[in-house]
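Enquirer: A single structure is presented below for examination.
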Amino acid sequence: REDGRLKLFLITRTLAARQRFRAVFEHGTYCPIVVDGERADHVVAFARIHQGQATLTVVPRFLTGLIAPDQDPYGKAVWGDTALVLPPDLHGPWYDALTDGKLRDQARLPLGKILHRFPVALLVKGQPR
C-alpha cells in the first residue's frame with residue numbers, strides 16, 4: 001500500500017520483537033543461512049543466536065525479475081521448491097513475530113510456507129511469549 005500502513009506494521013512488529021528478544025539482537029552471533037532451490041538467488045536469510053535463543057530474518061531480493069508488477073511476492077507459487085537449509089542447532093519450531101504464524105521443526109524450511117502471508121519474515125525459535 002502506498003499509504004505507509006505496511007511499513008508501519010513492519011516497524012512496529014520488528015521493534016516489539018527486538019524488545020522481547022533484546023539479548024539476541026544485541027549480542028547474538030551472526031549466522032548466514034543457506035538457501036537452496038530454484039529461487040535461491042532471490043532471498044537473503046540469516047540468524048542471530050545467543051544463549052539458546054535465536055532469530056531468523058528472511059528477506060526477498062531482486063523481485064522485479066521474479067514476479068509481475070501487480071503480483072504479491074509471497075506463497076508457494078512464487079517460491080517453488082526454494083527452502084532454507086538450517087544447521088542442526090537451528091531446528092525449530094519457529095514462530096513468526098510479524099504474522100504470528102508457526103512453523104514446525106524441520107531441517108528445510110520452504111520459502112512458500114515462511115513467506116505465505118507477508119513478503120518478509122522475522123522468525124523466533126520456540127514458542128511465542
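Enquirer: Out of all the residues in the range 66-96, which are hydrophobic (A, V, I, L, M, F, W, C) and under 29 Å from Gly28 (Cα atoms)?
Expert: Within the range 66-96, Trp79, Ala83, Leu84, Val85, Leu86, Leu90, Trp94 meet the criteria.
Enquirer: Residue pairs, Cβ under 8 Å, 6 or more apart or interchain, first in the range 80-95 and free of Cβ contacts under 8 Å to residues at least 40 places away in the same chain and part of a loop (DSSP other than H, G, I, E, B), second exposed (fewer than 14 other Cβ atoms within 10 Å of the Cβ) and of a type in the set (A, V, I, L, M, F, W, C). List them.
Expert: Listed pairs, sorted by first residue: His91/Ala107.
Enquirer: Within the range 11-55, which residues are open to solvent by less than 60 Å² (accessible area, probe 1.4 Å) and either aliphatic (A, V, I, L, M) or without any contact (Cβ under 8 Å) to a residue 12 or more places away in the chain (or both)?
Expert: Scanning the range 11-55 gives Ala16, Ala17, Ala23, Val24, Ile33, Val35, Ala40, Val43, Ala45, Ala47, Ile49, Ala54.
Enquirer: If I ask for residues that are exposed (fewer than 15 other Cβ atoms within 10 Å of the Cβ), assigned to a loop (DSSP other than H, G, I, E, B) and either at pLDDT 85 or above or aromatic (Phe, Trp, Tyr) (or both), which ones from the range 96-105 would you list?
Expert: Selection gives Asp100, Arg104.
Enquirer: Restricting attention to the range 70-79, report how many residues are buried (at least 19 other Cβ atoms within 10 Å of the Cβ) and part of a loop (DSSP other than H, G, I, E, B).
Expert: Matching residues across the range 70-79 total 1.
Enquirer: Identify, please: which residue in the range 56-66 is over 12 Å from Leu111 (Cβ atoms) and either surrounded by fewer than 13 Cβ atoms within 10 Å (Cβ to Cβ) or of a type in the set (Val, Ile, Thr) (or both) and is, among those, nearest to the chain's Cα centre (by Cα)?
Expert: Checked the range 56-66; the qualifying residue nearest to the chain's Cα centre (by Cα) is Thr57.
Enquirer: When you go through (1) in contact (Cβ under 8 Å) with a residue 40 or more places away in the chain; (2) open to solvent by less than 70 Å² (accessible area, probe 1.4 Å) one by one for Arg108, which number turns out not to apply?
Expert: Exception for Arg108: condition (2).
Quick grid of which residues meet (1) over 26 Å from Arg108 (Cα atoms); (2) part of a helix (DSSP H, G or I); (3) touching a Gly at 6+ places or on another chain (Cβ under 9 Å); (4) aliphatic (A, V, I, L, M):
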{"residue": "Leu8", "(1), (2), (3), (4)": "yes, yes, no, yes"}
{"residue": "Thr14", "(1), (2), (3), (4)": "no, yes, no, no"}
{"residue": "Val35", "(1), (2), (3), (4)": "no, no, no, yes"}
{"residue": "Arg48", "(1), (2), (3), (4)": "no, no, yes, no"}
{"residue": "Ala54", "(1), (2), (3), (4)": "no, no, yes, yes"}
{"residue": "Ala68", "(1), (2), (3), (4)": "yes, no, no, yes"}
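The values are calculated or read from the model by the stated rules, or taken from the named source; none is laboratory data. As the structure is a computational prediction, the values presented were derived from the model and not from experiment. Cβ sites come from the backbone with ideal geometry, for glycine too, and all protein chains shown count toward neighbours. For accessibility, only protein heavy atoms count, side chains too; no ligands or nucleic acids. Shrake-Rupley method; radii C 1.70, N 1.55, O 1.52, S 1.80 Å.
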